[in-house]
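Notes follow once the structure below has been shown.
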Amino acid sequence: MSDIFDILKGREVRRYSPGQNVLQQGDETGCLFFLIEGSVDILKDNVRVASASEPGVVFGELAAILGVHHTATVRAVTESSFFVVEGAADFLKSSPEMSHYICKLLARRLDSINCYFVEVKKRFEGHELIDPMIGALEALLHAQPTRSRPLKRPQS
């Protein structure tokens, strides 16, 4: 963790009070937010889907990687502070160490979701009302999404 904070040293630090939004779903900030201290809730369509308080957790990475607007709202629960990186996409392209760090965070999230999905499937498989939901989730977890934009080919 200290390596990541060493990379971020000298970056802008923003502080948020309880109830204040760090990121708003649908906005486009072009920033990454790395939690230094505090606690936040993550909301998708105004539904709380997670909370976070681990120093180093990052927000805004999906928007930067996918080139989309923020996919969730991040709201401070306690006094919270963040390192802020503007020009997120360019920063990730220029920092293999930071890109690898974010890849590991995303992989941990996906692994947690897969483990939870397996437990739900074991418990409810064969239930006529739940089976269609399990099938839909399974398809989402293993589908290769179509790209909204073609990948740029390297120039020779």
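Using the count of nearby Cβ atoms within 10 Å as a rough guide to exposure, how do C31, C115, C103 rank from fewest to most?
C115, C103, C31
Using only the Cα atoms of the range 2-91, what semi-axes does the equivalent ellipsoid have when each is the square root of 5 times a gyration tensor eigenvalue? Give whole Å, largest first.
Value: 19, 17, 10 Å, ordered largest first.
If I take R0 = 25 Å and measure r between the Cβ atoms of N46 and S95 in this structure, what FRET efficiency does the formula 1/(1 + (r/R0)^6) give, to the nearest 0.05? It would help to have the intermediate numbers written out before the result.
Numbers: r = 33 Å, r/R0 = 1.33.
Using R0 = 25 Å, I get an efficiency of 0.15.
Which of V77, F33, N46 sits closest to the plus end of the dipole of the range 1-139, meaning its Cα is farthest towards the positive end, when Lys and Arg get +1 and Asp and Glu get -1 on the C-beta?
Going by the Cα projections, it comes out as V77.
Counting only helical runs of four or more DSSP H residues, what would the 222 nm mean residue ellipticity of the chain come to if each run contributes -39,500 (n - 2.57) and the total is spread over all its residues? The partial results should precede the final answer.
Numbers: 5 runs with 61 residues, N = 156.
After summing the helix terms and dividing by residue count, I get -12000 deg cm²/dmol.
How long are the three semi-axes of the equivalent ellipsoid for the range 1-45, computed from the Cα gyration tensor as the root of 5 times each eigenvalue, in whole Å, largest first?
22, 13, 10
Name the residue farthest towards the positive end of the dipole of the range 96-142 from the options A139, H127, A107, assuming +1 on Cβ of Lys and Arg, -1 on Cβ of Asp and Glu, about the Cα centre.
A107
How would the chain be classified by its alpha-carbon gyration tensor: rounded, prolate or oblate, with rounded meaning a/c under 1.5 and the a/b versus b/c comparison settling the rest? Working shown, then result.
Numbers: a/c = 1.97, a/b = 1.34, b/c = 1.46.
In terms of gyration-tensor shape, oblate.
What's the extension gain from S53 to E119 if we count 0.36 nm per residue and subtract their Cα-Cα distance?
Going from the current span to full extension adds 21.2 nm.
Report the GluC sites (Glu not before Pro) located in the range 14-68 that are in a DSSP loop and have at most 13 other Cβ atoms inside 10 Å of their Cβ, or state none.
Numbers: sites: E28, E37, E61; in loops: E28.
Loop-located and lightly packed - E28.
At what distance in angstrom do the alpha carbon centres of the range 4-73 and the range 88-103 lie from each other?
16 Å
Hey, what angle do you get for helix 96-124 against the long axis of the chain, alpha-carbon based, 0 to 90 degrees rounded to 10?
20 degrees
Given charges of +1 on the Cβ of Lys and Arg and -1 on the Cβ of Asp and Glu, with all other atoms neutral, how large is the dipole of the chain about its Cα centre, in debye to the nearest 20?
Using only the charged Cβ atoms, the result is roughly 360 debye.
Subtracting the Cα-Cα distance from 0.36 nm times the residue separation, let me have the gained length for A139 to F5 in nm, one decimal. Kindly include the intermediate steps, with their values, before the conclusion.
Working: separation 134, 0.36 × 134 = 48.24 nm, distance 3.72 nm.
Using 0.36 nm per residue and subtracting the Cα-Cα distance, I get 44.5 nm.
Please compute the length gained on full extension between E12 and R109, using 0.36 nm multiplied by the number of residues separating them and subtracting their Cα-Cα distance.
Working: separation 97, 0.36 × 97 = 34.92 nm, distance 2.67 nm.
Difference between extended and current length: 32.3 nm.
None of the figures in this text is laboratory data; all of them are computed from the coordinates on show. Note that the coordinates shown come from a computational prediction; the quantities given were computed from them, not determined experimentally. Counting neighbours? That spans all protein chains shown, and the Cβs are built from the backbone with ideal geometry, glycine included.
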